[in-house]
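Engineer: Sharing a structure below in structure tokens format, with a few things to ask.
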Amino acid sequence: MRPGGGIERVASPLRGMVQRFAFVLLIGAALTMLVLSKTGNLGIERLRSVIFEVATPVLEVLSQPAVVANRAVDEIKELFFLRDENIRLRDENERLRQWHNVAQNLEQENAVFRSQVSARSEPQNYFVSARVIGDAGGPFIRTALVNAGAKDGLVTGLAAVTSRGLAGRVIEAGRRASRILLLTDLNSRVPVVIEGSRYRAVLEGDNSDTMHLNFLAAAAKLSAGDRVVTSGHGGVFPPGLPVGVVSSTRNGTLRVQPFVDYDRLEYVRIIRYDFPQPDEGLKGARQ
């Protein structure tokens, strides 16, 4: 027989009884305090305040391990996230290095071909960065106000772009501020070209979150995901500016999702683009 076994057999039921009695006593005390608190007794209110004052630091101390554990778990999650992000960025950096080498080779090859055919190079672009200080978004007009104007060389008609692509064009140029007509505005018309097939069209806004293509050749076959860029025709915008992707081709309507997120538009770059002009000799010959 194990020593102390008889005492344990006697104490075990007694301990269980005490625990059940304590549990019932706590429930009864809580209900009593709840009922007495409804009577507006000042003594009960003071007693509850004293209990709160005593229990608060105790609970605060007891909660510290849980707080520390939660912080430790968050830090571990952050470390795993940073590790995965570091791996992703390394892979992306490696891909960008490869594309950088490809771009350099293509640039050199393009320069050789241009020199052989005496191709005229495109005019150089100049950018003026500006911050969006207001917008007039609504059901009937979609424009943005920027803090750059005529003193910075801005005139009407210049293209406004972001790091993602074309955002709109300047329609008013004051001395210190200008107004940008966004691509999604009902009055916006932009000559574009489908990047893969090279079909030309006119991109029109309709005050919704997407635009639609008009004047597209009947033989054009487009699919969702086709990139749309500016064509440069008509001297409106420089060629090759990213605009968006075809998002829907159903019901005979071709919708284009813009690259620019207009809900998060904060900064734009205004392109000061010098469009090619006919030479004087060519003008005289035509006359």
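Engineer: Just to verify a result, which residue in segment 203-241, among those that are without any contact (Cβ under 8 Å) to a residue 24 or more places away in the chain and closer than 25 Å to Asp263 by Cβ, is surrounded by the most Cβ atoms within 10 Å (Cβ to Cβ)?
Structural biologist: Checking each candidate, the answer is Glu204.
Engineer: Now a separate question. Does Ser129 satisfy being within 16 Å of Tyr273 (Cα to Cα), within 25 Å of the chain's Cα centre (by Cα) and modelled with pLDDT of 90 or more?
Structural biologist: In short, yes.
Residue by residue, here is whether (1) over 13 Å from Leu183 (Cβ atoms); (2) part of a strand (DSSP E or B) holds:
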{"site": "Leu203", "(1), (2)": "no, yes"}
{"site": "Asn207", "(1), (2)": "no, no"}
{"site": "Lys221", "(1), (2)": "yes, no"}
{"site": "Gly225", "(1), (2)": "yes, no"}
{"site": "Gly234", "(1), (2)": "yes, no"}
{"site": "Gly240", "(1), (2)": "yes, no"}
{"site": "Ser247", "(1), (2)": "yes, yes"}
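Engineer: Go through segment 145-177 and give me each residue that's outside any loop (DSSP other than H, G, I, E, B), over 15 Å from Val229 (Cα atoms) and in contact with a helix residue (DSSP H, G or I) (Cβ under 8 Å, 6 or more places away or on another chain).
Structural biologist: Ala173
Engineer: Out of all the residues in segment 154-202, which are free of Cβ contacts under 8 Å to residues at least 40 places away in the same chain and among the acidic types (Asp, Glu)?
Structural biologist: Glu172, Glu195
Engineer: If you take the residues in segment 134-180 that are at pLDDT below 90 and among the hydrophobic types (A, V, I, L, M, F, W, C), which one is nearest to Asp263 (Cα to Cα)?
Structural biologist: Ala136
The values are calculated or read from the model by the stated rules, or taken from the named source; none is laboratory data. Please read these numbers as outputs of a predicted model, since none were measured by experiment. Here Cβ is always computed from backbone atoms with ideal geometry, including for glycine, and neighbour counts include all displayed protein chains.
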